[in-house]
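The values are calculated or read from the model by the stated rules, or taken from the named source; none is laboratory data. None of these values were measured; they are calculated from a predicted model. Cβ atoms come from the backbone with ideal geometry, glycine included; neighbour counts cover every protein chain shown.
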Amino acid sequence: MQHLLDLLKTTKPFDLLPESILAGIAESLVPTTYKRDTLAYRQEVTEMKGVDILYKGEYETFFFDSSENKRCIEIHHSPYCFGGISVLLNRTKALKSVVAKKGTVVYSLPRKEFLDLCDAYDDFFQYYTTDFGRRMLDEEFSHFVKTPASFEESYIAAEQLYSRKIDGVVYKDIVSCYGETPIYEAARHMAENRVSCLFIKDRDDSIIGYATDITLRDNVIAKQIDPAGPIASVMDNPIVSISHQAYLYEAVLMMFSTKTRYLLVEKEGKYVGFLSRNRILSEQGQSPLVFIQSVKLSETVEELRQKWNYVPEIIKQLLGRGINAEITNQVITTIADTIAIKVIEKVIREIGDPPAKFVFMITGSEGRKEQTLKTDQDNAIIYEDKANEHREMVRAYFLNFATKVSDYLNAIGFVYCKGGYMASNPAWTHSLSHWKRNYKKWIEDTVPENAIKFSTFFDCRFLYGDKNIIDQLKEFLEEELQKPNDRFFAFIAKNALQYEPPLTFFNNIKTETIGKSEVFNIKNAMTPIVDLVRVYALKNRIYQENTGERLKKLTELGVFTTAQYQELYQSYYYLMALRLENQANQILVEKSEPNNYIQINKLTKIEKVTLKEIFRTINNFQVGIKMRFTNNILG
């Protein structure tokens, strides 16, 4: 038994586990001896019954290519564990092939017990996701992992992710204690229940925070806090929850956007369980969500550029399986947000901590979470007001910061905005009081350029920094929009009418000639929906950023009927899917830069008929805007 304990203590990631747990693991290990060179596992064929811990001898791991040649050969000796990534991230099929050399002895840990360890110990699980993300940066490794068979399995998993609701997932029971519980008792409670997350309650039984293995490590051990103190003094918060009726993909995207690993599941006003990011990711194999995790592990600008270059392949796969364009937009947005945050953190490490609290916000289509594969930078910075003697120093820091962020983003593939709507432009990096004056001026001075600026920055969204700053700006905007300003709304409505659906007088699709092709601009065709929904959102002071979310809220308020909502929603996301699919094909098939032009001769008859109906729908809603806000049906 002692030799097994010694083996586990030196084998990654088992060396991360408490010795008391290792003793239990040792009792579960099953030995296997190989008497001659044996193909122990074949990639994508052999089902993993557990993980192997190499005690003696040699494992040769590799991929067979199409000619049965060995590729990506690695030689492993004790201590080494094989099979963790296969069990967690490859639908339990062996990821690589393995030949066990003569005289090799391994001890196998059953799959169920391995998965229980992953659920209970976050660092143990993260070892495998981190290792997988780093390996995927190797071009040859990723080539063999991304075989058609693997893609088929992974996107079946992805499809389930987008169709299943949280109610259809087995979420874990909540283990909790009161805030005054001593830290050491809370840790003991976690160990007894084999959980890595303990929720903290107040005396009204309301959950006020949580503690994890990482909490205890960072907030207690690293800071040498007295373990007799109350757990509430070191807990993490805020609590993030989601409805039991939400979809699984919403849960994962919420986890990435809030940076939490745990979501409480809410049903009828009560918390009925919780979901961990580990569990969802391990079920999803090579889905886009594991890809997002690998983006988070990227460290260099070149790595991030490679990740962004792979996004068209993900989008093509999602659309090919019939995933809704609204969801596809959210996947693109989450990847882009993750890359931008990595860049911001890199720049802060390079130039030092900011001299003031600030918000890095994104605007335009990125702000609306409607990013496509043809994307430029739309962002801005708001920083807190400082005393006169510090203003120039603070401003100089943030302009330098914004320039470096913008340059890195451009190198990755998010090109500079031709209109200059970037934080690196001194006009869009200012203090909170200056931004308030901007919005007030745009509302009061109704000139064409102000309507464009207001529309762009109304679609602003928090990305990084102190969220309280952007909340203050939106509170100010709420007050301004309640004042009598019919002239402003009429002007914004006229701005929303500048693009018309591309229909001829005889209800044919209006095209233009580019080169030898007859095309129409699908972005311009979609813009009227974005603009008219924004006008109604402004009038009703709705601050959801996304067009689909605004539509839902306006329907809840009775501004649109259910039929009108369905018409606009279906029209918008039909166009978005067509736009994304066209851009993905331009990048992957035509090997050209993506644009917003659709070649009319590449559309089917059904697509052409559908587009004509959509354009008529948009035209009808524009007539409604003219009557409602300008009192002039002619414009």
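Couple of notes before you dig in:
- The listed residue being acidic (Asp, Glu) and modelled with pLDDT of 70 or more, out of Glu159, Glu152, Glu139, Glu192: Glu192
- Condition met for Gln570 (under 28 Å from the mean Cα position of the chain (by Cα), modelled with pLDDT under 90, surrounded by fewer than 20 Cβ atoms within 10 Å (Cβ to Cβ) and under 30 Å from Ile362 (Cβ atoms)): yes
- Residue check for Arg368: buried (at least 21 other Cβ atoms within 10 Å of the Cβ), charged (D, E, K, R), under 20 Å from Ala423 (Cβ atoms) and not assigned by TED's automatic domain parsing to the domain that holds Met255: yes
- Residues of the range 188-199 satisfying the condition of being within 20 Å of Thr260 (Cα to Cα), among the aliphatic types (A, V, I, L, M) and out of contact with any helix residue (DSSP H, G or I) (no Cβ under 6 Å at 6 or more places or on another chain): Met190, Val195
- Every residue from the range 440-468 that is part of a helix (DSSP H, G or I) and in contact with a Phe, Trp or Tyr (Cβ under 7 Å, 6 or more places away or on another chain): Trp442, Ile443, Asn450, Ala451, Lys453, Phe454, Thr456
The rows are residues; the columns are (1) part of a helix (DSSP H, G or I); (2) in contact with a Pro (Cβ under 8 Å, 6 or more places away or on another chain); (3) polar (S, T, N, Q); (4) within 18 Å of Ala191 (Cβ to Cβ).
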site	(1), (2), (3), (4)
Leu4	yes, no, no, no
Leu22	yes, no, no, yes
Thr32	no, no, yes, no
Arg36	no, no, no, no
Ala40	no, no, no, no
Gln43	no, no, yes, no
Asp52	no, no, no, no
Phe62	no, no, no, no
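- Some residue of the range 218-234 being outside any helix (DSSP H, G or I) and under 16 Å from the mean Cα position of the chain (by Cα): no
- Listed conditions (1) under 28 Å from the mean Cα position of the chain (by Cα); (2) more than 20 Å from Gly364 (Cα to Cα); (3) surrounded by fewer than 20 Cβ atoms within 10 Å (Cβ to Cβ); (4) at pLDDT 90 or above are all met by Ala584, apart from (3).
- Some residue of the range 496-516 being part of a helix (DSSP H, G or I) and either touching a Pro at 6+ places or on another chain (Cβ under 9 Å) or at pLDDT 90 or above (or both): yes
- Long-range neighbours under 9 Å by Cβ, at least six apart or interchain, first residue within 15 Å of His430 (Cα to Cα) within the range 351-379, second of a type in the set (Gly, Ala, Ser) and part of a loop (DSSP other than H, G, I, E, B): Phe360/Ala423; Met361/Ala423; Asn379/Ala423; Asn379/Ser424
- The residues of the range 499-537 that are of a type outside the set (A, V, I, L, M, F, W, C), at negative phi and out of contact with any helix residue (DSSP H, G or I) (no Cβ under 8 Å at 6 or more places or on another chain), listed by number, are Thr504, Lys510, Glu512, Thr513, Lys516, Asn521, Asn524, Thr527.
- Listing of helices (runs of 4 or more DSSP H) fully contained in the range 271-325 that carry 3 or more residues being buried (at least 22 other Cβ atoms within 10 Å of the Cβ) and at pLDDT 85 or above: 301-320
- Restricting the range 413-429 to residues that are of a type outside the set (A, V, I, L, M, F, W, C) and either outside any loop (DSSP other than H, G, I, E, B) or over 16 Å from Gln371 (Cα atoms) (or both), the residue that is farthest from the chain's Cα centre (by Cα): Pro426
- Residue within the range 27-35 that is out of contact with any strand residue (DSSP E or B) (no Cβ under 6 Å at 6 or more places or on another chain), closer than 11 Å to Leu109 by Cβ and buried (at least 20 other Cβ atoms within 10 Å of the Cβ) present: no
- Options Leu551, Leu611; residue that is in contact (Cβ under 8 Å) with a residue 60 or more places away in the chain, surrounded by 14 or more Cβ atoms within 10 Å (Cβ to Cβ) and farther than 28 Å from Val415 by Cα: Leu611
- Of the helices (runs of 4 or more DSSP H) contained entirely in the range 70-139, those carrying at least 3 residues that are outside the structural domain of Gly57 (by TED's automatic domain parsing) fall at 111-120, 122-135.
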